[in-house]
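Values in this text are rule-based calculations from the coordinates and carry no lab data. What you are looking at is a predicted structure, and each value in this text was computed from that prediction instead of being measured. As a convention, Cβ positions derive from the backbone with ideal geometry for all residues, glycine included, and neighbour counts pool all protein chains shown.
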Amino acid sequence: MSTHHHAKDFLFTYVFSQDHKMISKQFLVTGFLMGFLGLAMSTMFRLQLGWPGESFEVIDMFLGSWAEGGVITPDKYLALVTMHGTIMVFFLLTAGLSGTFSNLLIPLQIGARDMASGFLNMLSYWFFFVSSVIMLISLFVEGGSASAGWTIYPPLSALPQAIPGSGAGMTLWLVSMAVFIVSSLLGSLNYIVTIFNLRTKGMTFTRLPLTIWAFLLTAIIGVLSFPVLLAAALLLIFDRSFGTSFYLSDIYIGGQVLEHSGGSPILFEHLFWFLGHPEVYIVLLPALGITSEIVSTMTRKPIFGYRAMIGSMMAIAFLSFVVWGHHMFLTGMNPFLGSVFTFTTLLIAVPSAVKVFNYLTTLWKGNIIFTPATLFSVGLVSTFISGGVTGLILGNSALDINVHDTYYVVGHFHIVMGLSAIFGMFAGVYHWFPKIFGRMMNNKLGILHFWTTIICAYGVFFPMHFLGFAGVPRRYYENSAFPLFDDMVDINTFISMFAIVAFFAQLIFFFNFVYSAFRGPRAPMNPWRSNSLEWTAPVEHFHGNWYGEIPHVHRWPYDYSKLNAEGEYVYGEDFIPQTTPLGEDEKDGGEH
Amino acid sequence: MTTIRLENISYKEEIRRKTSKPLIWIGIMSIVMFFGGLTSAVIVSQGSGEFLKITMPFAFTVSTVIIVLSSVAFHFGLISIKKGNYAIAKLSIATTLVLGLLFVVSQYLGWVSLNENGIYAAGKESTQESSFLYLITGLHVLHLIGGLISLIVVLVKIMKERYNAENVLGIQISITYWHFLGGLWIYLFFFLRYTIA
């Protein structure tokens, strides 16, 4: 074969691939690289928060002019916080998580050769890649990257002259996010249509793995909420660049009155949070779906309350659209409206509690196999509970007022959304690594990674609640000007120490990931003795997933440890793949 | 080693047949949410109490008539293809295309008329409602340009007799989007008529 053919094969196999498995890998690697940058940024600004004003050589080395003499400047501190939030929420936990596992698992678990449109799928990744590059470029423009927080509230984001990061950095942020939204929409369109139309014979909706239900609902939320963010961003672009006044009114800068009039920044908050809150579930639901699958497989028990799990995810998806006002309790909202948003917000506790109850009852008396994936799944259940209960305080308008915009909020959302989602992602990577790379990861390193991560994560975010109760505001560069917070300095140092260890703990994971991808032991076809369809596909990757006919499905995916009347395993094993036909007296678990 | 050839024409056709319509419908859902977000923004802005009414240009009423007629013409084209009448189909689709272009022209004339009456899209003399009026109608035209491109593709394929009574999927996709754009304009017209204008 000629060099030209080799180059062409390489290009279409690894770069412009339309194979969902390769696209999944592309999302995974890009998402993790972005996530690593986001993590490094947070570690650096934690150094500033833990030891305000002290010079660090490592900061000087990596941040250059952003930190003359090794001390981060106040404006660049805001830039780092903004970019950390943006990268983690959108690039790692939205595209990285959903893009990786929806792409990998949807066709494999429903029994399809590929996505509905391989071309759109490829475009989805490349739009994501381009948006990532634009976001990274924004770090290097004059004035630095966007600095108005990941929520980019106007007027800081709407007036290029407001702060250094409001200039070219903010413009690039908006361009990057517009491209990102296109990527997300293309992906979601594909996921929904593939699940509805390309399921193999016998794969009814009550036989779908809970991962697929989670990806489906995530995609539906994405299709309905991201366009509203796009609308919000467009209005912002017009205010910034074309002199409209959607979000701006009666603004004075340097004694000069600007030409804007009649607009309101609160309008932006409404539009932003209409996406922003569903976004929490775009990030969380895939992690919850992954956990359902792993908890059942690794306890060798059927998932408890399969239908209740689906119902609760649907309820969460619906409710996520009617709670956005709880982010805006202090915007002068009518107290009655505030109480309505309080009611809808607290309602989410019901389906969330159903899910937690079902995880715990599945784990209860299970024959638990403690792999890193199991540990991260149980870790997710833990963070979902501990982050969820603090949500009850923030979701209540009367209580929220006391801790609004303090570290309490930072602690809450990092635990319930950040940790839960990243734990779900880690669990998914450890569990499906044999499917992604055809090799096994190192278990011991994985377990070490888990314990250091969860201890450090709680060490970082748990004390933040106390800072919040004391009234320490979020996003401040330092609090030395407020004697009121002098007693809090040690807590900040304590948090930063855990943050530094947490950073190094992730290096264990990255080493394990890269080493195992090339040198790990070869994976068998079904290493976890799992029921779902992806484990019936050959270990080696090829476009089309199965040789010959796609397997048919005869039962739900959670027939673990099924016993007959004599107390023996029905088919001599503690698992029954979905491809095994139902016996004469057997009932399908998903139907009941 | 046997591999599955996904480039296989019949496989591709089957997937296309199964997924094209759902893809366009879900795409439409996201466009609905996009304009839903924008029109909700108008309602939220009205709540501030400083919203001034402006007069809707007559050209926008003409636009409404044009887009309804274009949908009728397109539908006639689809029926003609199903009956194998290529000549009438070509005429109908060409008429739809002309009416689509006329719609864009009428929108442009509407903006000119607004501008002449001192209602500006941006700048010192613009108001929030005038900006919304230009922006929302402009974004609808942008979406319509996508529809016009799909119409041109359909017309070229009809010229080449690529469609027949059994194979009208491409036209059905295009017509679904076109009817949606018509419906969307009617919604926007009445929404703007009773909120801004």
Task: Within chain B, helix-based [θ] at 222 nm, where runs of 4 or more DSSP H residues each add -39,500 (n - 2.57), nearest 500 - done: -28000 deg cm²/dmol
Task: Per-residue ³J(HN,Hα) for the range B:35-40, Karplus 6.51 cos²θ - 1.76 cosθ + 1.60, θ = phi - 60°, Hz, x for Gly and Pro - done: 6, x, x, 5, 6, 5
Task: Cα-based reach from residue A:587 at 16 Å (exclusive), listing aspartates and glutamates while leaving out same-chain residues under 8 positions away - done: A:559
- [ ] Multiply the residue separation of residue A:569 and residue A:36 by 0.36 nm, subtract the distance between their alpha-carbon atoms, and state the gained length in nm to one decimal.
- [x] 187.4 nm
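Explain nothing, just the number: dipole magnitude of the range A:21-536 about its Cα centre with +1 on each Lys and Arg Cβ and -1 on each Asp and Glu Cβ, in debye rounded to the nearest 20.
In debye, rounded to 20, the range A:21-536 gives about 2780.
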Task: Tally of Lys pairs whose C-alpha atoms are under 21 Å apart, taken over the range A:21-536, 8 or more apart or cross-chain - done: 6
Open item on the list: 5 Å is the cut-off here: which amide hydrogens, built 1.01 Å from N in the peptide plane, fall below it relative to residue A:406, excluding neighbours closer than 5 in sequence?
Closed with: A:474
Task: Projected label distance in nm at residue A:257 and residue B:161, using a 7 Å step from Cα toward the beta-carbon - done: 7.2 nm
- [ ] Describe numerically, in nm with one decimal, the distance between label points set 7 Å from Cα along Cα→Cβ at residue A:588 and at residue B:10.
- [x] 2.8 nm
Task: Helix B:86-116 vs. chain B, principal-axis angle (Cα, 0 to 90°, nearest 10) - done: 20 degrees
Open item on the list: To test your reading of the geometry: what angle, between 0 and 90 degrees and rounded to tens, separates the Cα axis of helix A:210-241 from the longest principal axis of chain A?
Closed with: 20 degrees
Task: Amide H contacts under 5 Å for residue A:439, placed H, 5+ residues apart - done: A:523
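Arrange the following residues from fewest to most other Cβ atoms within 10 Å of their Cβ: A:77, A:153, A:407.
Exposure proxy ranking, most exposed first: A:153, A:77, A:407.
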Open item on the list: Is there a quick way to get the dipole size of the range A:444-588? I mean about its Cα centre, with the Cβ of Lys and Arg at +1 and of Asp and Glu at -1; what is the value in debye to the nearest 20?
Closed with: 680 debye
Task: With Cα atoms, 0 to 90° folded angle of helix B:58-82 axis to chain B main axis - done: 10 degrees
TODO: Determine the shape class of the protein assembly as shown: with a ≥ b ≥ c the square roots of the Cα gyration tensor eigenvalues, call it rounded for a/c under 1.5, and otherwise prolate if a/b is greater than b/c, oblate otherwise.
DONE: oblate
TODO: Can you tell me the FRET efficiency between residue A:151 and residue A:370 if r is taken as the Cβ-Cβ distance and R0 is 35 Å, rounded to the nearest 0.05?
DONE: 0.35
Open item on the list: Given the DSSP H assignment, sum -39500 (n - 2.57) over each helix run of at least 4 residues in chain A and divide by its residue total; what's the result at 222 nm in deg cm²/dmol, nearest 500?
Closed with: -20000 deg cm²/dmol
Open item on the list: Once R0 is set to 51 Å, what does the formula 1/(1 + (r/R0)^6) return for the Cβ-Cβ distance between residue A:10 and residue A:401, expressed as a FRET efficiency to the nearest 0.05?
Closed with: 0.30
TODO: Describe numerically, in nm with one decimal, the distance between label points set 7 Å from Cα along Cα→Cβ at residue A:518 and at residue A:448.
DONE: 2.0 nm
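For the ranges A:180-190, A:254-264, what's the packing order if you count other beta-carbon atoms within 10 Å of each residue, average per peptide, and put the highest first?
Descending mean neighbour count gives A:180-190, A:254-264.
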- [ ] Could you grab the relative contact order for the range A:21-536? Cα pairs under 8 Å, six or more apart, rounded to a whole percent.
- [x] 15 percent
- [ ] Report the local net charge at residue A:367: Lys and Arg +1, Asp and Glu -1, summed over other residues whose C-beta lies under 11 Å from its C-beta.
- [x] +2
Task: FRET efficiency estimate (nearest 0.05) - Cβ-Cβ, residue B:17 to residue A:552, R0 25 angstrom - done: 0.75
- [ ] Which order do the peptides A:207-215, B:111-119 take when ranked by the mean count of other beta-carbon atoms within 10 Å per residue, highest first?
- [x] A:207-215, B:111-119
Open item on the list: Less than 20 Å apart at the alpha-carbon level, and either on another chain or at least 8 residues along: which lysines does that give for residue B:160?
Closed with: B:82, B:83, B:90
Task: Gain on full stretching of the segment that runs from residue A:308 to residue A:205 - 0.36 nm per residue minus C-alpha separation - done: 35.7 nm
